[in-house]
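Bear in mind that the values in this text are calculations on the coordinates, not laboratory data. Computed from a predicted structure; not experimentally measured.
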């Protein structure tokens, strides 16, 4: 655990603080049990005693009662402190994860080849310029109504989102996922149990009056769906494809990706989520990655797959693979999807268990983004633009766009 914290770039001393708090919990628990036993034994003697002996026993009983209460309070306090510290520790990092920070990832695979726009005789426009000419994106009015990093999808932009969502859900359903429309507001335990109130807390929107949180991903309500339940092993794997709005403060990103809709406060997303036996988790992680690659390939986007470094893992992930699509006007690959193996981390915190014969044990949970809509629109517009200002529609989306083969600029 210390090595894992160190690899993440997180506090290592918290492990020793946790061990200390847990030792206090254990020792105070033993002390409480001893005092209670003594108290019960004394309680049996008092009715039989008389005179000075009884007075002495009653005095001792009062002292024992105070000591029992103190030991009980100490036990509760130590247990609460141990739990608080435990919730501040991330999942154990998989031994094969590259060590380092955000830029220390390892490229596992590159799929497709970025277009050579110079050879085609024109300079690519960025997604915002294209979106505005298509009548698809309106960030000015988004800022007017809600502030920076908000936007409207209008006309064909709105239709494009619906096409992406329907196509993504169709792929997930064909792969055996159960489609889910999930709550966007959850209780603290759901957010805490999935690991989003630790290092990610600064990105979370909290409704103080209602003690509810706006989710940053449907991973949260999907992970909490079977909270406090025991699932029979024969039912596994359980796979859900959740569609929901997502809300993120984007704290710490001031000045980054401010143009357009690449990094925004509210967006819609289709998320895959799996409950599976822990021994099958790594194989399921590979399957989730293949489904993401299938999706991006169907959209005809060039992309690379990376093994995310330890310092860039979320608290709940033991390992994370990202698929990064090529963005022509940025001249680099940017994250479009990611899939994380959370092992038993979330299941333990949310008390989701599996019954395997006579044994009941925690199961494993995994998640994988299939389609984060705004970023996917960014990649589609920029990669499929044509010299005349139109944007070619990938075949997989055409049935959901009334058969359109191209998106055309609107008349000014």
**Item:** Degrees, to the nearest 10: 13-45 long Cα axis against longest axis of the chain
**Value:** 30
**Asked** Whole-Å semi-axes of the range 180-333's equivalent ellipsoid, largest first, each the root of 5 times a Cα gyration tensor eigenvalue?
**Response** 26, 23, 14
**Request:** Identify which of 368, 121, 112 has the largest mean-square fluctuation in a Gaussian network model of the chain, with springs joining Cα atoms closer than 10 Å.
**Result:** 121
**Asked** Once both axes come from the Cα atoms, what is the angle between helix 281-298 and the longest principal axis of the chain, in degrees from 0 to 90, rounded to 10?
**Response** 20
**Message:** Could you compute how fast the chain diffuses translationally, taking Rh as the Kirkwood radius over C-alpha pairs and applying Stokes-Einstein at 4 °C with viscosity 1.567 mPa s? Give it in µm² per second.
**Reply:** 54
**Fill in**
With Cα coordinates, the longest principal axis of the chain makes an angle with the long axis of helix 156-174, in degrees rounded to 10, of 60
**Fill in**
Computed, not fitted: 222 nm per-residue ellipticity of the chain from DSSP H runs ≥ 4 (each -39500 (n - 2.57)), nearest 500, equal to -12500 deg cm²/dmol
**Request:** Any chance you could run the full-extension gain for residue 76 through residue 233? It's 0.36 nm times the residue separation minus the Cα-Cα distance, nm to one decimal.
**Result:** 53.1 nm
**Request:** Find how many whole Å separate the alpha carbon centroid of the range 76-92 from the alpha carbon centroid of the range 305-369.
**Result:** 22
